[in-house]
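Single-structure report; data block below.
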Amino acid sequence: SIVAIANKEMIIAGGFFLVNKLKKTQNKFIPLDSEHFSLINSNINNTKIDRVYITASGGPFYFKKNKDLNNVSLKEVINHPKWKMGINNSIDSSNFVNKVLEMIELSIIFNIDIEKIDFLLSKEAFIHSLIIYRSSAISVNAFKNDMLIPLLEPLGTTNRIKFNSYKLKSIFKLTNFKLEKYNDKRFKIVKYIPFIKSFNQSGHINFMLLNNIAQRLYINKNLNYNKIVSFIIENVKKETNNKNFKSFDSILDYINSINNKYEKIFF
């Protein structure tokens with residue numbers, strides 16, 4: 001059987017149990033986020049690699065250096081230049097919170113030390129991941145920024161669907177392969193990445209849940225866009241970030257307790 005998932009919450013909350021269960025039952029897991037999907041044909045494990053980079057396209061603001069993030073509208077925030085997504089994913093993409101969530105996911109799905117995971121900028125959204133192996137070999141994983149490509153993989157595996165997305169012009173267009181390191185102090189989340197990486201499972205769940213709460217507050221006009229990350233970090237520091245779980249049920253109970261707590265406070 002094939003299990004295909006694009007849900008960050010499911011993977012971050014219960015991914016360790018899910019991945020282990022899939023291995024034991026010999027089912028195939030296909031992650032549908034483009035970054036993780038780009039890695040499924042790569043031979044990666046924690047002992048073979050020095051570094052794995054996923055990429056960010058920059059969202060609506062990174063390449064607009066004069067844009068004041070204290071004064072942006074929701075319409076601007078969700079106007080992603082490359083991908084058509086829902087409001088929540090678009091907000092995450094605009095402030096790079098999605099990259100932190102995706103790094104956590106990658107660590108879980110491929111059993112990679114999260115300290116080996118980082119992100120780069122790929123404005124054209126053609127490169128989705130880059131691997132540096134301990135042998136010094138480098139692997140670049142690229143495909144057209146089309147969500148149909150990861151979605152059709154599990155369908156193609158089971159139904160023999162063929163989908164050719166590439167054109168030679170894309171492959172040989174050098175701008176598609178341009179990468180750059182993150183360099184923009186406007187986005188607050190980046191300085192907290194080492195702190196967030198230090199969490200165990202409960203800390204990552206807290207981060208994810210508090211991001212969802214911050215988004216609701218922002219959408220309801222009770223939180224400034226540029227205060228979303230500050231809100232998350234201030235509150236995640238108040239929670240227990242080293243709790244261990246023994247079952248899916250214990251995770252669900254914990255999620256409900258956190259959600260109920262903040263529901264009473266803010267809504």
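Against the condition at pLDDT below 95 and within 20 Å of Ile213 (Cβ to Cβ), how does Asn89 come out, does it pass?
Values: at pLDDT below 95: yes; within 20 Å of Ile213 (Cβ to Cβ): yes.
Taking the combined requirement at face value, the residue satisfies it.
Looking only at residues in the stretch 228-239 that are in a loop (DSSP other than H, G, I, E, B) and open to solvent by 80 Å² or more (accessible area, probe 1.4 Å), which one is nearest to Leu101 (Cα to Cα)? Spell out how you get there, then give the answer.
Step one: of the stretch 228-239, the residues in a loop (DSSP other than H, G, I, E, B) are 237-239.
Narrowing the set further to residues that are open to solvent by 80 Å² or more (accessible area, probe 1.4 Å) leaves 237-238.
Numbers: Lys237: 17, Lys238: 20 Å.
Across the stretch 228-239, the extreme among qualifying residues is Lys237.
Which residue out of Leu39, Leu18, Leu22 is under 26 Å from Tyr254 (Cα atoms) and touching a strand residue (DSSP E or B) at 6+ places or on another chain (Cβ under 6 Å)?
On the way: Leu39 fails: under 26 Å from Tyr254 (Cα atoms); Leu18 fails: touching a strand residue (DSSP E or B) at 6+ places or on another chain (Cβ under 6 Å).
Testing whether each residue is under 26 Å from Tyr254 (Cα atoms) and touching a strand residue (DSSP E or B) at 6+ places or on another chain (Cβ under 6 Å) leaves just Leu22.
Within the stretch 1-21, can you find the residues that are open to solvent by 30 Å² or more (accessible area, probe 1.4 Å), more than 13 Å from the chain's Cα centre (by Cα) and under 24 Å from Met85 (Cα atoms)?
Of everything in the stretch 1-21, those that are open to solvent by 30 Å² or more (accessible area, probe 1.4 Å), more than 13 Å from the chain's Cα centre (by Cα) and under 24 Å from Met85 (Cα atoms) turn out to be Val3, Ala4.
Suppose we keep only residues that are touching a Lys or Arg at 6+ places or on another chain (Cβ under 9 Å) and assigned to a loop (DSSP other than H, G, I, E, B) within the stretch 22-39. Which one would you say is surrounded by the most Cβ atoms within 10 Å (Cβ to Cβ)?
It comes out as Asp33.
Collect the residues in the stretch 240-251 that are open to solvent by 30 Å² or more (accessible area, probe 1.4 Å), touching a helix residue (DSSP H, G or I) at 6+ places or on another chain (Cβ under 9 Å) and either of a type in the set (Asp, Glu) or over 15 Å from Phe207 (Cβ atoms) (or both), keeping them in residue-number order.
Asn244, Ser247, Phe248
Is there any pair with a first residue in the stretch 17-31 that is closer than 13 Å to Asn111 by Cβ and at pLDDT below 85 and a second that is open to solvent by 80 Å² or more (accessible area, probe 1.4 Å) and part of a strand (DSSP E or B) whose Cβ atoms are under 9 Å apart and which are 6 or more apart or on different chains, and what are they?
Every condition considered, the pairs that remain are Leu22/Lys28.
Tally up the residues in the stretch 199-227 that are over 16 Å from Ile255 (Cα atoms) and more than 17 Å from the chain's Cα centre (by Cα), please.
Final tally of qualifying residues: 12.
So in the stretch 102-116, with the set limited to residues that are outside any helix (DSSP H, G or I) and on the phi < 0 side of the Ramachandran plot, which one is most open to solvent (accessible area, probe 1.4 Å)? Write out each step before concluding.
Taking the stretch 102-116 first, the residues outside any helix (DSSP H, G or I) are 111-113.
From the residues that got through so far, the ones that are on the phi < 0 side of the Ramachandran plot too are 112-113.
Values: Ile112: 4, Asp113: 68 Å².
Going through the qualifying residues, I end up with Asp113.
Which residue, of Tyr225, Tyr182, Tyr254, is of a type in the set (Ser, Thr, Tyr), under 28 Å from Ile117 (Cα atoms) and open to solvent by 30 Å² or more (accessible area, probe 1.4 Å)? Before the answer, list the steps.
Values: Tyr225 fails: open to solvent by 30 Å² or more (accessible area, probe 1.4 Å); Tyr254 fails: open to solvent by 30 Å² or more (accessible area, probe 1.4 Å).
Residue meeting the stated conditions: Tyr182.
What is the residue count in the stretch 117-126 for residues that are open to solvent by less than 10 Å² (accessible area, probe 1.4 Å) and either in contact with a Gly (Cβ under 7 Å, 6 or more places away or on another chain) or small (Gly, Ala, Ser) (or both)?
Residues that pass the stated criteria total 3.
Restricting attention to the stretch 217-226, report how many residues are out of contact with any helix residue (DSSP H, G or I) (no Cβ under 8 Å at 6 or more places or on another chain) and either in a helix (DSSP H, G or I) or at positive phi (or both).
Of the residues in the stretch 217-226, 1 are out of contact with any helix residue (DSSP H, G or I) (no Cβ under 8 Å at 6 or more places or on another chain) and either in a helix (DSSP H, G or I) or at positive phi (or both).
Under the condition of being among the small types (Gly, Ala, Ser) and out of contact with any strand residue (DSSP E or B) (no Cβ under 8 Å at 6 or more places or on another chain), which residue from the stretch 75-131 is farthest from Lys173 (Cα to Cα)?
First, pick out the residues of the stretch 75-131 that are among the small types (Gly, Ala, Ser): 86, 90, 93-94, 107, 122, 125, 129.
If we keep only those that are out of contact with any strand residue (DSSP E or B) (no Cβ under 8 Å at 6 or more places or on another chain) too, we end up with 86, 90, 94.
Details: Gly86: 30, Ser90: 27, Ser94: 26 Å.
Checking each candidate, the answer is Gly86.
The values are calculated or read from the model by the stated rules, or taken from the named source; none is laboratory data. These figures come from a predicted structure and were not determined experimentally. Please note: Cβ atoms are built from the backbone with ideal geometry, for glycine as well, and neighbour counts cover all protein chains shown. Surface areas here come from the heavy atoms of the whole protein model, side chains and all, with no ligands, DNA or RNA. Shrake-Rupley method; radii C 1.70, N 1.55, O 1.52, S 1.80 Å.
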